[in-house]
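Beneath this line is the structure, given in structure tokens, with notes to follow.
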Amino acid sequence: MTKHLIAPSLLSADFRNLARDMEMINNSEADWFHVDVMDGNFVPNISFGMFIVEFMKSVAKKPLDCHLMMVQPERYIAEFRKAGADVITVHYEACPHLHRTVQQIKQTGARAGVALNPHTPVEVLQDIIIDLDIVLIMSVNPGFGGQSFIEQTYNKVKRVKSMILATGSTALIEVDGGVGLGNTKRLVECGADVLVAGNAVFKAENPAQTIHQLKNLTDKTYLV
């Protein structure tokens, strides 16, 4: 079985020392950088734009996983790919022509993902999951870091996994929000392939060690 991937969220990094924090990730057991792009419209906050993503790409030695929390993401897909995004994920709730947008991402050469807000049932992806590289399950409401994990996420991950197996899709299941040492093992057991961790990593006393624990499921809390 393929080992799950860890994607630390740069939204929780120290923006004053972004290159330093990214080098820590480069040298850790993490697999991807997760980049939350917020437009102040689809979600209340504003975060990284293309120029910051371009800078991140110059520092990163691992793939950039760009999560576009924005309206009309199709207007900016080519620009984010040019800036360095290796994975581009859009929100189901923001894309009235989702199939077209997914194909647009694929045509750039990036891996294509679709994110679902906590209230959105996974069944909306039934007719498109075969085309996806990533299904991103939001385990908090998007827009802010540091929120509490929504317990219903475990069930949603299981349902997506069943859908993937039934359709023959090769999509990876990614979980974003409130992920930490206390729930990683259960998420992996439910079928999660990629875990986004923000505060759990960057607020830790030893971030690299925390990444090691998330990657290898070695924390003592897993024995409870």
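So the values come out like this:
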| item | result |
| --- | --- |
| For the stretch 60-208: span of alpha carbons on each principal axis (Å, largest first) | 41, 35, 25 |
| Stokes-Einstein D in µm²/s, Kirkwood radius over Cα pairs - the stretch 123-223 at 37 °C with 0.692 mPa s viscosity | 232 |
| Length-normalised contact order for the chain - Cα pairs under 8 Å, 6+ apart - percent | 20 |
| Mean ellipticity per residue at 222 nm, deg cm²/dmol - from DSSP H runs of n ≥ 4 across the chain, formula -39500 (n - 2.57) | -9000 deg cm²/dmol |
| Lysine pairs meeting the criterion (Cα under 21 Å, 8 or more apart or interchain), as found in the stretch 5-223 | 18 |
| Nitroxide proxy distance, nm - points 7 Å out along Cα→Cβ at residue 120 and residue 189 | 2.9 |
| Rg/Rh for the stretch 1-144, where both radii come from Cα atoms and Rh is the Kirkwood radius | 0.95 |
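The numbers here are math on the coordinates, done by the rules we state, and not lab data. Computed from a predicted structure; not experimentally measured. Here the Cβ is made from the backbone with ideal geometry for all residues, glycine too, and neighbour counts use every protein chain on show.
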